[in-house]
Amino acid sequence: MTKHEAKQRIDKLKKEIEHHRYLYHVLDKAEISDAALDSLKNELVQLEEQFPELVTSDSPTQRVGGEALSTFAKVEHQTPMLSLNDAFSEEDLQAWVERLQRLDPAAAAKLDFFVETKIDGLAMSLIYENGVLTIGATRGNGRVGEDVTHNIRTIESVPLRLRPIPGRPLPARVEVRGEVYLTKKMFAQINAQRKKNDEPLYMNPRNTAAGSIRQLDPKMAAERDLQFLAYALPTDFGQKTHKEEHELLQILGFRTDPDDRFCTSLKEVIQFYHAIAKKREKLSCQIDGIVVQVNSNALFQRFGMVGKAPRGAIAVKFPAEQATTVVEDIQVQIGRTGALTPVAHLRPVQVAGSTVSRATLHNIDEIHRLGLKIGDTVIVEKAGDIIPDIVQVLPNLRTGRERTFRMPKTCPVCGSQTTRKASEVAYYCTNSACFGQQKERFYHVVSKKAFDIDGLGPKIIDQLLETQLMSTPADIFTLKEEELLQLEGFAEKSAQNLVNAIQVARHISLARFIFALGIRHVGEQTAVMLAECFGSFKKLQQATREELEAIHDVGPAAAESLRAYFADTANQQFLEQLLPLITITAPKKIRNSKLAGKSFLFTGSLQSMTREDAKNRVRELGGTVISTVSKQLDYLVVGDEAGSKLEKAKKLGITTLTEKVFLHMIRES
């Protein structure tokens, strides 16, 4: 990137960040997520580090927060309320410690840390004179905040009078800093009432807490059951460490983080980070990371400032499920059914703990809905193991060089004409023999939910197709070791292992086999229903359209696809070749099972089995597995690091099961 291009990008980023910071910090509104805003700020920081001559005093990196609202009296902070620099990985945390050690080599052996959770709330300064609360002020722009004392007084966790410290007189003026926030439970109750009143729902607990604190009528704040958690004691009580500050705060009458911890090493800090990440969904309030601070107050002061943040503390954010990046190109990918899917090729970015360089755009209608152009800056979202999605375009960052994308008139693989049916959103390649479709069909057949052949991935399939060792998926089951040895990367042992894996995969359940065929509109759950209803593949082949449509979860589109598939001559020849090479097992009939007729959904990681094994066990015992949280769901099984499904299930009153309870249930069945 040239200096001129960098300046253009920096100018646009500054305007965009300031726009969202004003909405968030001053008006308590948000158009994009905190994670997306953090990503924009991170890009700006990196560009300014690369081109320091382009840093200006009005850059968002040179200030702490937004301006105070004019409807409240102004309060000047005696010492600025500062923000922290962010870390996004263990490597960032290690680099922070190394910087501190370089600044003061003599301190390297003395470094220990105090860590606590980073609550997503509103920073607050409380002033006590002669032990009595006199001022509660927001952070504002870091130097001047807003006097919201009348609302702070309504918070039960804020003492109106400080408790005495045995053996130490209270200074005439005491300042305590902390966070005002809403619990998840209270936030859900507020939104439930607003929904009942047909009022717009609030976006998140942080903005709702901020809005409550800024109400002119203290009765509103009192109704919200706001909480306060103290994290700093700027007043000098003779404390030597940050750990001692927390102990003093508790004696004075404040609640502090129950999860906070003194750590003697960086290794312990990292262990704390992972432990909190696992339990964050179970916490009563929203957190977005942890705060790590050099425990020694003397060292903390000695390290000083960098920009507008202290060097001796850092916020370690959890992997964001959203980030911003640039769409560098849009290319079309062909699927096993011939559907053409536009895929965004992105400037690589970290999202939810992994590097994302591509995101599905689904179809041309989705591109039009987003208003997306090649070259746009976008917000990318990735929740858990879900394929990344582009959820929003940021048009204010356009340069004028962006390009409109159009679906191709010919298939990018075989050159055949593409078509779009009036009733569908997708474009299709009209050539059923297209090599692109053929490869995707092979990938699907060996996938985990189908034949699940260990060691037979896309790279090896491509080699087998290119060397013409396979022409249909049936050929997989006739492969020999000597044929595999012809391929690059295969030795005698690896060839033998793959042949053995193929032998194991010859035995397949009816549901998995139906799914493996890759018939349009027949997904995993539909395949399970078909297997249970017909009991054998032969009966399914002979089923009429009316019989198919009579089955729950099989609509007209799936019924038509099934009949068309079995009527196709090429498919009949393929099945005649494949069926003698495999063994299809009929579904087990389980009677009197506690799971019979019940629907299950899984979220988070299970320790005792894979999620696929758990799903299969549910189906074997007569239950069903669904893909989304709804009122039709009976049980949500919750593993480690559960996602947003858990919160939604709680709101709907759906029964949740721990892994231990789930295992007990299937053992009893």
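The values are calculated or read from the model by the stated rules, or taken from the named source; none is laboratory data. Here the structure is a predicted model, which means the values were calculated and not measured. As a convention, Cβ positions derive from the backbone with ideal geometry for all residues, glycine included, and neighbour counts pool all protein chains shown.
Note on the stretch 337-358: residues that are crowded, with 18+ Cβ neighbours inside 10 Å and either touching a residue at least 40 places away in the same chain (Cβ under 8 Å) or outside any loop (DSSP other than H, G, I, E, B) (or both) amount to 10.
Could you tell me whether residue 484 is touching a Phe, Trp or Tyr at 6+ places or on another chain (Cβ under 7 Å), free of Cβ contacts under 8 Å to residues at least 60 places away in the same chain and more than 18 Å from residue 562 (Cα to Cα)? Yes, satisfied.
Kindly evaluate residue 48 against the criterion of being modelled with pLDDT of 85 or more, among the acidic types (Asp, Glu), crowded, with 20+ Cβ neighbours inside 10 Å and more than 20 Å from residue 391 (Cβ to Cβ).
Details: modelled with pLDDT of 85 or more: yes; among the acidic types (Asp, Glu): yes; crowded, with 20+ Cβ neighbours inside 10 Å: yes; more than 20 Å from residue 391 (Cβ to Cβ): yes.
Yes; evaluated as a whole, the condition is true for this residue.
None of 281, 244 is in a helix (DSSP H, G or I), surrounded by 15 or more Cβ atoms within 10 Å (Cβ to Cβ) and either at pLDDT 95 or above or not assigned by TED's automatic domain parsing to the domain that holds residue 112 (or both) except 244. Using the structure shown, decide if residue 601 is buried (at least 16 other Cβ atoms within 10 Å of the Cβ) and either among the charged types (D, E, K, R) or farther than 26 Å from residue 649 by Cα (or both). No. Note on the stretch 514-573: enclosed helices (runs of 4 or more DSSP H) holding 2 or more residues that are among the small types (Gly, Ala, Ser) are 524-534, 556-567. Scanning the stretch 163-198 for residues that are out of contact with any helix residue (DSSP H, G or I) (no Cβ under 9 Å at 6 or more places or on another chain), free of Cβ contacts under 8 Å to residues at least 60 places away in the same chain and under 14 Å from residue 236 (Cβ atoms), we see that the one that is surrounded by the fewest Cβ atoms within 10 Å (Cβ to Cβ) is 169.
So that you can scan it fast, the table gives a plain yes or no per residue for (1) in contact (Cβ under 8 Å) with a residue 12 or more places away in the chain; (2) not acidic (Asp, Glu):
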position: 248; (1), (2): yes, yes
position: 251; (1), (2): yes, yes
position: 275; (1), (2): no, yes
position: 295; (1), (2): yes, yes
position: 309; (1), (2): yes, yes
position: 321; (1), (2): yes, no
position: 328; (1), (2): yes, no
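Among the residues of the stretch 365-372, is there at least one that is part of a strand (DSSP E or B) and either among the basic types (Lys, Arg) or under 17 Å from residue 319 (Cβ atoms) (or both)? No, the stretch 365-372 contains no residue that is part of a strand (DSSP E or B) and either among the basic types (Lys, Arg) or under 17 Å from residue 319 (Cβ atoms) (or both).
Which residues, taken from the stretch 330-361, are over 20 Å from residue 36 (Cβ atoms) and out of contact with any Phe, Trp or Tyr (no Cβ under 8 Å at 6 or more places or on another chain)? Reasoning before the result, please.
We begin by selecting, within the stretch 330-361, every residue over 20 Å from residue 36 (Cβ atoms); these are 330-343.
Answer for the stretch 330-361, where residues must be over 20 Å from residue 36 (Cβ atoms) and out of contact with any Phe, Trp or Tyr (no Cβ under 8 Å at 6 or more places or on another chain): 331, 332, 333, 334, 335, 341, 343.
Mind listing whichever residues of the stretch 630-669 are of a type in the set (Asp, Glu) and assigned to a strand (DSSP E or B)? Full working, then the answer.
Here is the first cut: in the stretch 630-669, the residues of a type in the set (Asp, Glu) are 634, 640-641, 647, 659, 668.
Of everything in the stretch 630-669, just one residue is of a type in the set (Asp, Glu) and assigned to a strand (DSSP E or B), namely 640.
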